[in-house]
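The values are calculated or read from the model by the stated rules, or taken from the named source; none is laboratory data. All of these numbers come straight from a predicted model, not from anything done at the bench. Reconstructed Cβ throughout: ideal geometry from the backbone, glycine too, with neighbour counts over all protein chains shown.
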Amino acid sequence: MAGAFTIYLASRSPRRRELLEQIGVEYEVLTQRIKAERGPDVNEDALAAENPRDYVMRVCRDKVESGWLRVMQRKLPLRGVLAADTTVCLGDEILGTPADSAEAITFLERLSGREHEVLTAIAFKLGERMQADLSVTSVRFRELGRAEIERYVASGEPMDKAGAYGIQGRAGAFVTEIRGSYSGVMGLPLYETAQLLKRFGFAPPA
């Protein structure tokens, strides 16, 4: 039974669900839009001259607005909606979710022996009020051999993840240094999320 401080999570990511549970946040997952619901789909393509930080914040805000629209269209109980979006970038170049195994290999070869940034935006909307925040984490990989990259990609783990890796999985062995939010790299920065929810009166248990 949903409690008085239950929120809606506009994400299908099992990792984000696990992270919310870790800090004791009660939530319900908003399912996909159905054909009868009108409204623009979220455009996850980078716009011309859009830098990675602007990109991830725009997509996240669009996701939370789309989630709130679903709440209204379905006449669901009015609870706040939380959305998140994660991307990996090398400088101003965005490395999103790989389209196929070949692209996953290319991404990992480019990240090998280098430092990159993982950007995770979060947004919360309740009624007319919406606020967003951004977590920026620097991650450095050791040098990766072609054979181990191919083995990792063959495991299937990289295929639904920004930058073609999951730090909480086998790719944790690639990381030599991290500066910032580990949970942000997983897809939901817990400190920033807890602070955002508190601003709306939702206080996860200590």
Exercise for review: Would you mind stating whether Glu37 is part of a loop (DSSP other than H, G, I, E, B), at pLDDT below 80 and within 15 Å of the chain's Cα centre (by Cα)?
Suggested key: no
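Might you let me know whether segment 117-136 holds any residue that is touching a residue at least 40 places away in the same chain (Cβ under 8 Å), polar (S, T, N, Q) and over 23 Å from Gln195 (Cα atoms)?
Checked against the condition, which is being touching a residue at least 40 places away in the same chain (Cβ under 8 Å), polar (S, T, N, Q) and over 23 Å from Gln195 (Cα atoms), segment 117-136 yields no hits at all.
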Check your understanding: Which condition number in (1) within 30 Å of Gly67 (Cβ to Cβ); (2) free of Cβ contacts under 8 Å to residues at least 60 places away in the same chain; (3) surrounded by fewer than 19 Cβ atoms within 10 Å (Cβ to Cβ) is the one that Arg151 fails?
Key -> (1)
Practice item. May I ask you to say which residue of Leu144, Leu82 is touching a residue at least 40 places away in the same chain (Cβ under 8 Å) and not in a helix (DSSP H, G or I)? Key: Leu82
Exercise for review: Determine which single condition Thr106 fails, assuming it passes every other condition in (1) buried (at least 18 other Cβ atoms within 10 Å of the Cβ); (2) among the β-branched types (Val, Ile, Thr); (3) at pLDDT 95 or above.
Suggested key: (1)
Practice item. Determine whether segment 160-177 contains at least one residue that is within 18 Å of Ile23 (Cβ to Cβ) and in a strand (DSSP E or B). Key: no
Check your understanding: Mind checking which pairs have a first residue in segment 180-206 that is of a type in the set (D, E, K, R) and assigned to a loop (DSSP other than H, G, I, E, B) and a second that is modelled with pLDDT under 95 and surrounded by 19 or more Cβ atoms within 10 Å (Cβ to Cβ), Cβ under 9 Å, 6 or more apart or different chains?
Key -> none
Study note, to complete from the structure: Pro77 fails exactly one of (1) more than 21 Å from the chain's Cα centre (by Cα); (2) crowded, with 19+ Cβ neighbours inside 10 Å; (3) not aromatic (Phe, Trp, Tyr), namely (2)
Practice item. Within segment 133-148, track down each residue that is among the aliphatic types (A, V, I, L, M), under 19 Å from the mean Cα position of the chain (by Cα) and surrounded by fewer than 19 Cβ atoms within 10 Å (Cβ to Cβ). Key: Leu134, Val136
Review point. Could you say whether any residue in segment 186-201 is within 19 Å of Glu93 (Cβ to Cβ), surrounded by 15 or more Cβ atoms within 10 Å (Cβ to Cβ) and not polar (S, T, N, Q)?
Key: no
**Study point:** Residue in segment 55-65 that is under 19 Å from Ala162 (Cβ atoms) and over 14 Å from the mean Cα position of the chain (by Cα) present
**Key:** no
